[in-house]
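One structure follows; several queries about it will come next.
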Amino acid sequence: MCGILAFLGSTLPPDQLRALILRLAKRLRHRGPDWTGLHVGPQGYAIVHERLSIVDPAGGSQPLYSEDRRYVLAVNGEIFNHKALRAHNLTQQHTFATESDCEIIVHLFQETRDMAHVCNLLDGQFAFVVLDTVENTFFAARDPIGVVSLYVGWAHDGATVFSSEMKGLNEVCERFQEVPPGHYYDSRSREFVRYYREPWLDQDVVGAVVPTRQVSAAEIRAVLEAAVVKGLMCDVPYGVLLSGGLDSSLVASIAARHAERRVEDGERSKAWWPRLHTFSIGLPGSPDFAAARVVANFLGTVHHEFMFSVQEGLDAISDVIYNIETFDLTTVRASTPMFLLSRRIKAMGVKMVLSGEGSDEILGGYLYFHKAPTPAEFHRETCRKLKALHSYDCLRADKSTMAWGLEARVPFLDKDFISLMMSIDPALKFCKDAEGKPRVEKHVLRAAFDTPLTPYLPDEILWRQKEQFSDGVGYNWIDSLKQQAEASVSDEQFAQRHHRFPSHTPATKEGYYYRSIFESHFPQASARETVPGGPSVACSTAAALEWDQSLKNCVDPSGRAVAGVHVDAYKPSA
């Protein structure tokens, strides 16, 4: 992925606009350290692309153009089905200037001028801006779930500004916001238009239809395997983030089965980097280290363990919050080890990693789902979680890695996998069987990959209990964060928190600590409003707290806060 910054409709003279956008784009260069591309037009339009070269590294620089240069395109992301689209969805002859997976977008738009149609054809994770230099109009779009970040703001000179991160536009825009996932922006109407439409998007409320579809283990395996294989499209060294939990381990297992052949040509030739590398991080004694070693040995990967100290993590908190652009408690906790790990991975020359985000939202994998009263309410919560994912784990996976120019791909958020798993009967996901007996979370996924004759994983991993990343790196990580906050925020400050922070008022000193750091970097009200609020336990939505009194009485979002479920749950206060 990359970084994009676009000024559209500016009243600045071209030379001043060029100087301004180049200065601001440096704040995004961590996302794309390989090259800077710039287009400046005479009508107040300027687009900068900071490139992280993954596909066609020698020739795929952006911005990209239609043959007549009427349309200008800048993309942050990957289009996994670009070759199929070239072969089957273009009706005219086109001269492609690159082998980039992104160039297909400009030619599809050139032919159809139907942005909804173009976006729905794309299979990938993306955010992009396309400019029509003849009509002086533009569109911007974001992928269906919001895997890739994109913000829009309105500058003092009248320009509409799009940026991969807030830091690219907050200096010149008093008002800005996220581009909503699954939408595109049309400059002619000045409105966001939803293009991604799936039944589950409207099934998060009481009374909505509950799916009844049955699914076979073979179907689940086939769709997830296809999603992982798509994500191996890569012309540079890559690896897998391996925590030793179910999701990252399944991704690593599937990737290992295809790593020796090049997926770009249908696995007809040998892979350029045939040994799969896996990466883990933790504190000394981390539960994840031991589990990840078991997986790596089973799969035969080249495994790398990186240990960090509590102090190294605490020292990075301000940098982490600046890069991830949020003060959400769980996101900061989990982003810090991911941020540190990404730096170590990039130092090894790796530029892309596969990761396991999304499975817990789709399948109800968080431990609080054990408290769901009915399959219908279980399903509604998965809908709520998936719709909000762009503000949490997608944000973390995108920005923690891209802080160091490392791209994360998330196979569980593949469109086909989401469509399948969000359409099945939620009783298949429910944490009780047909007789009402408790069973492990994500049972339907575990059972699908329980193939004794050709095992994907050892049983001890396949059936391992869910461990939130911020817990799995070492339980004393969260304890140390709480201690740091206690030492940094006085009782008097915390007592006055409603006055300092009247909106999104922190419920704990840890939340106050993160909020203070965030506002030192991003003081604008618009920045604050991009961060979701509300109570949460073990990553729940506020609505799910009504399921159980023990959830309502808790203010800590750790998975260990789910009493009676986590094997190392917090002990009740005396």
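Would you check which residues across region 216-249 are modelled with pLDDT of 95 or more, among the small types (Gly, Ala, Ser) and in contact with a Lys or Arg (Cβ under 7 Å, 6 or more places away or on another chain) and list them?
Passing the criteria: only Gly231.
If we keep just the residues of region 343-383 that are assigned to a loop (DSSP other than H, G, I, E, B) and in contact with a strand residue (DSSP E or B) (Cβ under 6 Å, 6 or more places away or on another chain), which is surrounded by the fewest Cβ atoms within 10 Å (Cβ to Cβ)?
Val350
Still on this structure, I have one more. Residues that are surrounded by 24 or more Cβ atoms within 10 Å (Cβ to Cβ), at pLDDT 95 or above and within 17 Å of Leu413 (Cβ to Cβ): does region 163-175 have at least one?
Checked region 163-175: no residue is surrounded by 24 or more Cβ atoms within 10 Å (Cβ to Cβ), at pLDDT 95 or above and within 17 Å of Leu413 (Cβ to Cβ).
Only one of Leu340, Leu329 is open to solvent by 10 Å² or more (accessible area, probe 1.4 Å), among the aliphatic types (A, V, I, L, M), within 19 Å of the chain's Cα centre (by Cα) and closer than 21 Å to Ser540 by Cβ. Can you tell me which?
Result of the check over Leu340, Leu329: Leu329.
A further question follows. Go over the candidates Val294, Val302 one by one and state the one that is touching a residue at least 12 places away in the same chain (Cβ under 8 Å), closer than 19 Å to Met352 by Cα and hydrophobic (A, V, I, L, M, F, W, C).
Going through Val294, Val302 in turn, just one is touching a residue at least 12 places away in the same chain (Cβ under 8 Å), closer than 19 Å to Met352 by Cα and hydrophobic (A, V, I, L, M, F, W, C): Val302.
Next question. Taking the stated definitions as given, is Pro502 in a loop (DSSP other than H, G, I, E, B) and surrounded by fewer than 18 Cβ atoms within 10 Å (Cβ to Cβ)?
The answer is yes for Pro502.
Of the residues Arg439, Arg409, Arg446, only one is within 24 Å of the chain's Cα centre (by Cα), of a type in the set (Lys, Arg) and either closer than 16 Å to Gly146 by Cβ or open to solvent by 10 Å² or more (accessible area, probe 1.4 Å) (or both); which?
Residue meeting the stated conditions: Arg409.
Name the single residue, out of those in region 412-436 being farther than 16 Å from Gly77 by Cα and of a type in the set (Lys, Arg), that is most open to solvent (accessible area, probe 1.4 Å).
Going through the qualifying residues, I end up with Lys432.
If I filter region 181-211 down to residues being more than 24 Å from Leu395 (Cα to Cα) and of a type in the set (A, V, I, L, M, F, W, C), which single residue comes out as least open to solvent (accessible area, probe 1.4 Å)?
Top of the filtered list is Ala208.
Mind checking which residues of region 478-496 are at pLDDT 95 or above and open to solvent by 50 Å² or more (accessible area, probe 1.4 Å)?
Lys482, Gln483, Gln484, Glu486, Ala487, Ser488, Asp491, Glu492, Gln493, Ala495, Gln496
Kindly list the number of the only condition in (1) surrounded by fewer than 24 Cβ atoms within 10 Å (Cβ to Cβ); (2) among the small types (Gly, Ala, Ser); (3) closer than 23 Å to Pro411 by Cα that fails for Ala127.
(1)
Another question about this same structure. Return yes when Gly559 is open to solvent by less than 30 Å² (accessible area, probe 1.4 Å), in contact with a Leu (Cβ under 6 Å, 6 or more places away or on another chain) and modelled with pLDDT of 95 or more and no when it is not.
For Gly559, the condition - open to solvent by less than 30 Å² (accessible area, probe 1.4 Å), in contact with a Leu (Cβ under 6 Å, 6 or more places away or on another chain) and modelled with pLDDT of 95 or more - is not met.
What do you reckon, is Gln110 modelled with pLDDT of 95 or more, assigned to a helix (DSSP H, G or I) and touching a strand residue (DSSP E or B) at 6+ places or on another chain (Cβ under 6 Å)?
yes
The values are calculated or read from the model by the stated rules, or taken from the named source; none is laboratory data. All of these numbers come straight from a predicted model, not from anything done at the bench. Here Cβ is always computed from backbone atoms with ideal geometry, including for glycine, and neighbour counts include all displayed protein chains. Just the protein is used for accessible areas: all its heavy atoms, side chains included, with ligands, DNA and RNA removed. Shrake-Rupley method; radii C 1.70, N 1.55, O 1.52, S 1.80 Å.
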